[in-house]
Every structure is written in structure tokens, then in C-alpha cells.
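Okay, structure first, notes after.
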Amino acid sequence: MSAVLLSANSQACPRLLASGNPEYPPFLWQDPKNDQRLIGANAELMQLLAQEIGVPIETRYVGPWGRVQESAKNGRIDLIAGAFLTQGRLSYLRYFQPAIRDTKTLIWSREARHLSYQRWEDLVGLEGITVVNNSFGQAFDQFAATHLKVQQVGSIKNALQMLNLGRADYLIYEDTPGLAYAASINAKGLQTASVPVSNEKLYLTLALSSPCNTDQLAGRIARAMKKFSDEKTVDGLVEKYLRVWQQQNSSVGK
């Protein structure tokens, strides 16, 4: 990138503030050494993106997932580093293709419960639990709102602990982050259904209310995301930060 373009970018948008779900290892979680920072695969991806577009990006903890979304609506943050696509979010977020990563949402249950899940209808009449303001794809969200009884709690840790104690029949959550947290709290006797609830893409998004929301910058971000996708950058970052998460939690337990 030329010095002229870098200077123009800096004047129009001197920096970008990113955030995301702070309970989403290996993609994002709070830095145990500085709880105002988020670390993980998506945080490092934001640093690589900053180099590509010539604009510094800070990935900061601004609160739980619901507050992150409100902050994007209100323009208090510029980027959400990892969000599913829903109709409601299109009203305040600009989505970039290609996606950061494909994800699977699973049904979690206690092995002793012997829950057999094959399709959404199998959950009707049961007590479900998930994390507040989470989405699992437009279609399933609509089905759940109409047909299922799902309690929303503040954190995945709380949800897993409640499931472990038998205070819910099942938990709805994504595969990799759920496995990471289950291991960190030493939750035993849990199982996941082999059939996913949904297969969703995790996107980088730019707040429509951000002062940095320009077609020029969006074009630069889109080209960078295409490069990362072609080079399979995120695959390597996910493997790296799964190890980091496991090391942090094993050291805490000692």
C-alpha cells in the first residue's frame, strides 16, 4: 500500500475498535493478564487485517456478547470479529465475504439423560438452555422462538454448569467453543448429538454506524478477507489458540 493511501486512510479512519463474543475460545476470550483485551484466533486475525488495510485495530473487551452487539448498533465499536448472519443484524452490520470460519451448532446433553436428537422437533417439550443474545441461524432461531422452551443465561460457563447439574435437558451451543469450555470446567458425562442443529458461517462485520464505514475501507477489508481465506490463515490460528487456551486452563488447575 502506498504512503499516500496510508495517509488518506489514517485521516479518514485513524483506528478501528473491534470486539466480539468474549466467551468464544479459541476464537476470542479475555486475556487473563489484561481483562480489557481479547485474545484468540480472531484477535490475531484482526492484527493481520490491520497490516493489510493500513489501519490499526484494537480488539477490546467491552462486555458480554449482548453488549457487544448493542455497542455495534450505537457505533461505540467499529468491528465485530465473529458474528452469524441474521436478518436483524443486517440492519446495523455490514458483512464481509468470505466468512472467517464455518461452524456447527450442536445439542449438548447429559449422557444419563439419554436424549436422542435427530431433528429440531425432537426438542419440543424439553427444557433447553443457551447463552443470551446468541443466534444459531435465522431458520432455527425462528423455530425455537415458536416451538421451544429455551432459557437464556449470561455465560456459557453457567449454561454448562446448569446442564451438568440437571437443571436443563439440553444446551444449544457451537462445537469448538463448547468443547473448550467443557474441558476448562471439567464437565464430565456430557455428550453432543452427531446431527448438528445448524451449520453457520462466522463473519467479520463492520458497524453501519461506524464513522469508518466507507466503501473504500470496506473494499480493502473484503480483499484482505479473500486473501486470508485463500491462504487458510484462520485454520492455523484456530489450532494455535486451541493450544493456548488448553495451556492457560491446565496451568490454572494446577
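The values are calculated or read from the model by the stated rules, or taken from the named source; none is laboratory data. Fair warning: this is a prediction, and the values are worked out from it, not measured in the lab. Neighbour counts are summed over all protein chains in view; Cβ atoms, including those assigned to glycine, are modelled from backbone coordinates with ideal geometry.
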Inset, instruction - Could you please give the count of residues in region 135-158 that are part of a loop (DSSP other than H, G, I, E, B) and either at pLDDT 95 or above or of a type in the set (Asp, Glu) (or both)? - result: 1
Inset, instruction - Please determine, by comparing only the residues of region 224-238 that are assigned to a helix (DSSP H, G or I) and without any contact (Cβ under 8 Å) to a residue 24 or more places away in the chain, which one is surrounded by the fewest Cβ atoms within 10 Å (Cβ to Cβ). - result: Asp230
Inset, instruction - Inspect region 103-117 for any residue being acidic (Asp, Glu), surrounded by fewer than 15 Cβ atoms within 10 Å (Cβ to Cβ) and not in a helix (DSSP H, G or I) and give the result as yes or no. - result: no
Legend entry - Of all residues making up region 208-221, the number that are buried (at least 17 other Cβ atoms within 10 Å of the Cβ) and in a helix (DSSP H, G or I): 3
Inset, instruction - Say whether the condition of being buried (at least 21 other Cβ atoms within 10 Å of the Cβ), assigned to a helix (DSSP H, G or I) and not charged (D, E, K, R) is met by at least one residue in region 181-198. - result: yes
Inset, instruction - Go through region 164-186 residue by residue and tally those that are at positive phi and out of contact with any Gly (no Cβ under 9 Å at 6 or more places or on another chain). - result: 1
Inset, instruction - Considering only region 244-254, state which residues are surrounded by 11 or more Cβ atoms within 10 Å (Cβ to Cβ) and not β-branched (Val, Ile, Thr). - result: Trp245, Gln246, Gln248, Asn249, Ser250
